1. Mind telling me which of the residues Val216, Val288, Val277 ends up being aliphatic (A, V, I, L, M) and farther than 30 Å from Leu401 by Cα?
2. Given the criterion modelled with pLDDT under 95 and of a type in the set (Asp, Glu), identify the matching residue among Glu94, Glu158, Glu132.
3. Please state which one of Arg90, Arg115, Arg76 is surrounded by fewer than 22 Cβ atoms within 10 Å (Cβ to Cβ), under 25 Å from Glu158 (Cβ atoms), in contact with a helix residue (DSSP H, G or I) (Cβ under 8 Å, 6 or more places away or on another chain) and assigned by TED's automatic domain parsing to the domain that holds Glu44.
4. From the residues in segment 283-303 that are of a type in the set (D, E, K, R) and either over 20 Å from Met272 (Cβ atoms) or outside any helix (DSSP H, G or I) (or both), which one is modelled with the lowest pLDDT?
5. Might you let me know whether segment 245-259 holds any residue that is farther than 20 Å from Ile189 by Cα and in contact with a helix residue (DSSP H, G or I) (Cβ under 6 Å, 6 or more places away or on another chain)?
6. Output the number of the condition that Thr124 fails; it satisfies all remaining conditions of (1) touching a helix residue (DSSP H, G or I) at 6+ places or on another chain (Cβ under 9 Å); (2) assigned to a helix (DSSP H, G or I).
7. Given the criteria buried (at least 19 other Cβ atoms within 10 Å of the Cβ) and either out of contact with any helix residue (DSSP H, G or I) (no Cβ under 9 Å at 6 or more places or on another chain) or part of a helix (DSSP H, G or I) (or both), does Met143 qualify?
8. Exactly one of (1) within 25 Å of Glu23 (Cα to Cα); (2) buried (at least 19 other Cβ atoms within 10 Å of the Cβ) is unmet by Leu82. Its number?
Amino acid sequence: MANISELILSAPHEDAEGSALPEILSAIRQHLRMDVAFVSEFKEGRRVYRSVDAADGSSKVREGASDPLGASYCQRVVDGRLPPIMHDARKNPEAASLPISDELHIAAHLAVPLRLSDGSIYGTLCAFSYSEDDTLNERDLEMMQVFAELAARMIEREQRKIRLSRDALKRIHSVLAHANELSIVYQPIFNLREQRMAGVEALSRFSALPQRSPDVWFHEASVVGLGGDLEKMAAQAALRCLDQLPQDIYLSVNMSPEYVLDGTLATVLEGMPLHRVTLEITEHSAIVAYHELAQRLKPLRERGLQVAIDDAGAGYASFRHILNLAPERIKLDISITKNIDSDASRRALGAAFSRFAQEIGSKLIAEGVETREELATLQSLGVVRAQGNFLSAALPLAGVLSLPVKRAFSRPGQT
């Protein structure tokens with residue numbers, strides 16, 4: 001037999017795909033030459049089989065099945081009425097008296113408690129065979145105890161994920177049920193050449209607890225399967241301002257590609273004057289179904305919808321979006337805009353994007369303009385459109401409507 005260190009080193013690791021318990025049980029069963037290995041949970045007076053590995057698949061032990069805890073070996077091992085190692089359970093009076101012995105044909109048996117970090121007993125890690133085995137020893141029991149600790153840690157991580165998921169669902173459902181927990185502010189986008197407001201970008205704000213950035217809320221909603229609902233709610237709230245904005249000012253709304261693909265966007269935009277709406281594609285990861293995405297957008301674009309790629313220059317994905325979707329607008333990421341007046345590399349990138357946008361017929365918008373110097377540098381590079389706190393912070397609709405549509409901005413060379 002392999003020694004304990006070798007078994008631990010070769011044990012499968014839990015990954016993003018889920019628990020490695022089945023593989024651990026298989027390794028234990030084969031190492032001990034047993035017929036069945038399983039993890040049980042003690043729950044509401046019953047022993048529930050949570051994970052099972054059987055040599056031939058014919059065992060009566062099935063995942064999800066349960067039996068009375070008081071009639072099991074597991075409870076008796078935990079409270080000391082049965083020893084953790086039995087070479088032949090049929091020779092132990094306590095074990096032999098239990099109906100489960102004959103029902104499962106238990107002979108050799110090992111069991112150790114699964115103890116969580118707070119000291120509570122989750123259940124047991126067990127293995128048994130249909131024939132006696134006099135070779136089982138303390139080293140085998142030690143091995144079981146080591147793997148029981150590993151299994152307990154995995155179980156706790158899984159329990160924590162479940163709790164977090166339930167908490168997340170509760171939070172997102174609360175936002176979806178209470179419209180006042182999500183509000184919209186609008187950041188003006190200016191045409192620097194014409195010295196006027198050209199559009200506004202709708203940005204979500206959450207009053208619900210815990211206080212955190214909107215991207216965290218949208219990510220959590222996506223993780224629990226409610227991303228489309230939350231993005232739809234935000235987009236619909238944003239679009240309500242259209243009839244109050246001047247006719248020559250467009251509204252830019254954000255939506256992830258997956259909700260364009262599943263039809264959510266088309267539902268949200270039904271009946272809207274699409275010539276006044278820009279869709280910002282905000283996905284930071286690669287999009288596989290570019291052709292399908294373009295086909296979904298085609299009828300909307302034919303009705304006037306314009307497409308903007310957000311965060312251009314922040315990563316490889318944004319370049320692929322630009323090349324595959326031919327957007328009408330490209331939004332220069334704040335990571336390039338910030339300190340562009342004092343950083344030669346950023347100026348070079350800004351100039352390259354400005355020329356590139358002109359070549360493909362797109363309008364370049366610089367995001368995150370914070371200083372007069374950044375604005376002047378962007379203008380000198382040929383950037384015509386910009387947004388950022390130097391020009392205007394994001395405001396409630398009433399604040400945007402009170403701003404003068406025409407504004408004077410410093411031109412290159414001016415202070």
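1. Values: Val216 fails: farther than 30 Å from Leu401 by Cα; Val277 fails: farther than 30 Å from Leu401 by Cα.
So the residue among Val216, Val288, Val277 that is aliphatic (A, V, I, L, M) and farther than 30 Å from Leu401 by Cα is Val288.
2. Numbers: Glu94 fails: modelled with pLDDT under 95; Glu132 fails: modelled with pLDDT under 95.
Glu158 is the lone residue from the list that is modelled with pLDDT under 95 and of a type in the set (Asp, Glu).
3. Numbers: Arg90 fails: under 25 Å from Glu158 (Cβ atoms); Arg76 fails: under 25 Å from Glu158 (Cβ atoms).
After ruling out the rest, the residue left standing is Arg115.
4. Taking segment 283-303 and keeping what is of a type in the set (D, E, K, R), we get 283, 292, 296, 298, 301-303.
Still in the list and also either over 20 Å from Met272 (Cβ atoms) or outside any helix (DSSP H, G or I) (or both): 283, 292, 303.
Numbers: Glu283: 66, Glu292: 96, Arg303: 97.
The selected residue is Glu283.
5. Going residue by residue through segment 245-259, those that are farther than 20 Å from Ile189 by Cα are 256-259.
Then drop every residue that is not in contact with a helix residue (DSSP H, G or I) (Cβ under 6 Å, 6 or more places away or on another chain), which leaves 257, 259.
Scanning segment 245-259, I find at least one residue that is farther than 20 Å from Ile189 by Cα and in contact with a helix residue (DSSP H, G or I) (Cβ under 6 Å, 6 or more places away or on another chain), so the answer is yes.
6. (2)
7. Numbers: buried (at least 19 other Cβ atoms within 10 Å of the Cβ): yes; either out of contact with any helix residue (DSSP H, G or I) (no Cβ under 9 Å at 6 or more places or on another chain) or part of a helix (DSSP H, G or I) (or both): yes.
Here the answer is yes, as Met143 does meet what is asked.
8. It is condition (1) that Leu82 fails.
The values are calculated or read from the model by the stated rules, or taken from the named source; none is laboratory data. Not measured: the values here are computed from a predicted model. As a convention, Cβ positions derive from the backbone with ideal geometry for all residues, glycine included, and neighbour counts pool all protein chains shown.
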